[in-house]
Amino acid sequence: MRASPASASAAPEAGAPAAELDPAALRRRFLDGKARLLADFAAAAPRAAAATRLLRALTRHVDGTLGALWQQAGMPAQAALVAVGGYGREELFPASDIDVMILLESTAEAQLPREAIERFVTLCWDSGLEIGSSVRSVEECLAQARQDITVQTAVLEGRLVCGERALEQRLRRALDAATDARAFLRAKTLEMRQRHVKYEGTPYALEPNCKESPGGLRDLQVLIWVARAAGLGRTWRELCTRGLVTPLEARRLHQHEGLLKLIRARLHLVSGRREDRLLFDLQTAVAESFHLRSTDEQHCSERLMHRYYWAAKAVTQLNQILLLNLRERITGTERAPMRRINARFLDRGGMLEIANDGLYAQDPHAILETFLVYQRTPGLRGLSARTLRALYNARGLMGAAFRRDPRNRELFMQMLRQPQGQTHVLRQMNATSVLGRYLWVFRRIVGRMQHDLFHVYTVDQHILMVLRNVRRFLIPEHAHEYPLCSRLAAGFDRPWVLYVAALFHDVAKGRRGDHSELGAREVRRFCRAHEVPADDARLIEFLVREHLNMSRVAQKEDLYDPEVIARFAALVGDARTLTALYLLTVADIRGTGPTVWNAWKGKLLEDLYRLTLRALGGAQPDLEAEIEARRQQARAQLARWGAPPDCEQPLWQTLDVGYFARHDAEELAWHAQALAGHVGTGAAVVHARRSPSGDGLQVLIYVQDQPDLFARICGYFDRHGFSIQDARIHTTSDGFALDTFQIVSPLPDPDDEAEGYRQQIAQVQEQALAAIRSSGPLPAPTRGRVSRRVRSFPETPSVTLTPDERAQHWLLTVTASDRVGLLYAIARVLAQHGINLQLAKVATLGERVEDVFLIDGTALQQPKVQLQIENELLDAIGTPA
């Protein structure tokens, strides 16, 4: 906190007699003064410096008025008026809240100057100052700051307006001493992540919030808050001095912050209210206030938003770089040991690090290689600050020769052909401006708006969303969202064809002419330059040209007219092309916005697909056929085991496609045999066997589902020293949990392996059932020992909680160093908050675990409870000392 140099000295000494001022006159003086400041700003050239002057002038204007009212109210000499929040940091926008704190020695009833406080607040409102006020002692401030990160942040930015300076300084010193920089960093990171989820995780919404959206002013404020809490600086210049940002980055931060402030100030002025959203009906007026004019090819609002999106994109990139640097400095991991990936790249605690700062200048091929290595290397969560900074500075290397280079073209195609990771790698390439510099045609649509009633993202973000949707069709964890698409995608060979089509389907948006035809020409050139085989190139070009056709036919033509179906069948020509177009169409519609897709559109498209497939004389060559083959193989296995015919039917009738997709034929047969005669009886079954895939046991648990079931199962394994290597969770249609675990533990009799396994199987089958049936409180998890490797290369715990597109379930992703009891620690936190588990995927990569859970529960609808859950999970999965 700091004192306001103008106001603290300008106000009369606290406790001195003050002449009565007419509230009406004060109100006129305050409002007239504010109106003059706003008029001067409106008339000034639209430059960032004008916005900065306005914010400070409004702050000083409010300071002077509050000082006079403080004196007139007769506030005691031992009190202080502290500006907090945006007012505290001297950034009062035209319609900003004026938040103040009345700081007292004590708020005990006997010492509380209640009449003076009430008089002061009343005078403020009568004078046109709509303040938000709180009354606290130093001790109360500290207590609330410890409990609420929002309070702590507000007080951190505190600034003395008038009153007792010594009291304010005592609060400042106490707050500095009580601030835990690591805890503050974690809390603000989680808070920022939650805010980003609220705004769809993108700075490119068509009506972005210039303060709260990703890439907005709040992302810059978070950096300064964290730096201040750690004593690392209060300004970009100070952070530059301390080596956290380069001089170029500091200038860019200052430049983009200035533009965002200017936009927000103009937005308040145009709207006449506190409006931080760049709504469609305000964008033109704001653009005109910037002296932007419409042209034949681009509306003035599009020109404004293009500037905004480029600034927001840069802020997102710089926020990522600086936050990583701050985390390393605060946590002391700047010199953490690194694992060598190859001669050019290192693994720095799960982040991809370049081997030397001059790598890209020495060999520009390494730019695209960065993303291929990131995509191929298990365990990498992102790019390090050093790598991001090098990419930021390497933009000048990516010119026409870079785009024509055969090696770069080969690297890009390798990324598309990898079995996984396309969504993350292409988003990262776009965020670092590499994608648009390699695909120059893509650069033209970065930040380009789409003025219609459907798209809620810019063209580049919509394209990447469509590609993400295509990828999700191929991921079993998302099979519940669109089962038919998942079944079809599973049988589609060379899925990279779909990725290329998704990348180019809207790439010609914003040009004169049919964007589908223009896009088809662009993708034809791409395929020729990248040596795509002729058949695949023809399919890709067809998909781009016709990507709107299937939706049009399904929604606007009579699907029961044989001529309509015959005409559409003649257009697509074969089942593979039909399947590809159907998948792209569903992905495209889903990528326009969360409210565009509905069950009706889904049914129309599915009907068109099935009717056309029949007309073509084909069949669905996808997961459905594969699942049926697995069922037949499982039935054959059951027959070899001597099981009664059709013994599997009672179980299989209660399970969905996700179950059959995640288990092979042998496991299907094992489940059916173990549960034969038990389905429908209400009986609980625990069946274990020696794992057919390696060491350890495979355990099947079939029991009536209950909220804390998964936690109780994991708790049993934890207490008895079993390490869970894999968990596959399913819920039957009649409410039973069917869970399969892969567990390992030292054998009780290592000299006799067969006897050791027999004892373990008997132990698990007897004890696990008793543990499941218990009803007491969940025991505390054990803090299992970690390996030397984990101690040498600790994994930074990570928790990500995001809603699915239907807002019915949440995807919880947990990354941590592996240890016994880890899964139970996670499950216990979920159970304590009444979170229901729908699906779990446990993956162990050496000493690193990546667990994904599909969950739901009413607690997840409350933002504060979400943060509490995330913090508890981080505490639970942290590596023990």
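Rolling a 1.4 Å probe over the protein chains gives residue 240 an accessible area of about 40 Å².
So which of 188/261; 313/601; 198/261; 261/864; 34/211; 313/603 end up more than 31 Å apart by C-alpha?
Table pairs above 31 Å Cα-Cα are 313/601; 313/603.
The distance separating the Cα centre of segment 391-455 from that of segment 78-134 comes to 51 Å.
Charge tally around residue 427: other residues with Cβ under 15 Å, Lys/Arg +1 each, Asp/Glu -1 each, net +3. Each of 308, 243, 609 was placed along the dipole of the chain (beta-carbon charges, centred on the mean Cα), and the one lying farthest toward the positive end is 243.
Ranked by solvent-accessible area (1.4 Å probe, protein heavy atoms only, all chains present), the residues 433, 733 order from largest to smallest as 733, 433.
In this Cβ point-charge picture (+1 for Lys and Arg, -1 for Asp and Glu), the chain has a dipole of about 3140 debye about its Cα centre. Ligands, DNA and RNA aside, residue 225 has an accessible area near 10 Å² when probed at 1.4 Å.
Roll a 1.4 angstrom probe over the protein heavy atoms and tell me the percent of accessible area of the chain that is carbon or sulfur.
It is 50 percent, rounded to a whole number.
Is segment 308-376 rounded, prolate or oblate when judged by the Cα gyration tensor, a ≥ b ≥ c being the square roots of its eigenvalues, rounded requiring a/c under 1.5 and prolate requiring a/b larger than b/c? It is oblate, given that a/c is not under 1.5 and a/b is not larger than b/c. Ligands, DNA and RNA aside, residue 125 has an accessible area near 120 Å² when probed at 1.4 Å.
Ranking 134, 294, 817 from most to least accessible surface, computed with a 1.4 Å probe over the protein chains only, gives 294, 134, 817.
The residues of the chain have, on average, 42 Å² of accessible surface per residue, using a 1.4 Å probe with all protein chains present. The angle between the Cα long axis of helix 165-178 and the main principal axis of the chain comes to about 20°, on a 0 to 90 degree scale. Inter-label distance, residue 678 to residue 770: 1.8 nm, where each label sits 7 Å from its Cα along the C-beta direction.
Histogrammed with a bin width of 10 Å, the alpha carbon distances of the chain distribute as 2, 11, 18, 21, 20, 15, 9, 4, 1, 0, 0 percent, first bin at zero. Amide H contacts of residue 383: 352, each under 5 Å away and 5 or more positions distant or on a separate chain (H built 1.01 Å from N in the peptide plane; Pro and chain starts excluded). Separation of segment 509-548 from segment 328-380 is 35 Å, based on Cα centroids. Between 0 and 90 degrees, rounded to the nearest ten: what's the tilt of helix 753-773 against the longest Cα principal axis of the chain? Between helix and principal axis, roughly 50 degrees. Multiplying the residue separation of residue 704 and residue 118 by 0.36 nm and subtracting their alpha-carbon distance yields 205.0 nm. Shown here for segment 177-259: trypsin sites (Lys or Arg not before Pro) in loop regions (DSSP other than H, G, I, E, B) with at most 15 other Cβ atoms within 10 Å, namely 234, 242. Helix 822-832 and the longest principal axis of the Cα set of the chain meet at an angle near 70°.
The slack between residue 521 and residue 811, meaning 0.36 nm per residue of separation minus the straight C-alpha distance, is 100.5 nm.
The values are calculated or read from the model by the stated rules, or taken from the named source; none is laboratory data. The model shown is predicted, which means the values in this text are computed figures rather than measured ones. Neighbour counts are summed over all protein chains in view; Cβ atoms, including those assigned to glycine, are modelled from backbone coordinates with ideal geometry. Only protein heavy atoms, including side chains, enter the accessible area calculation; ligands, DNA and RNA are left aside. Shrake-Rupley method; radii C 1.70, N 1.55, O 1.52, S 1.80 Å.
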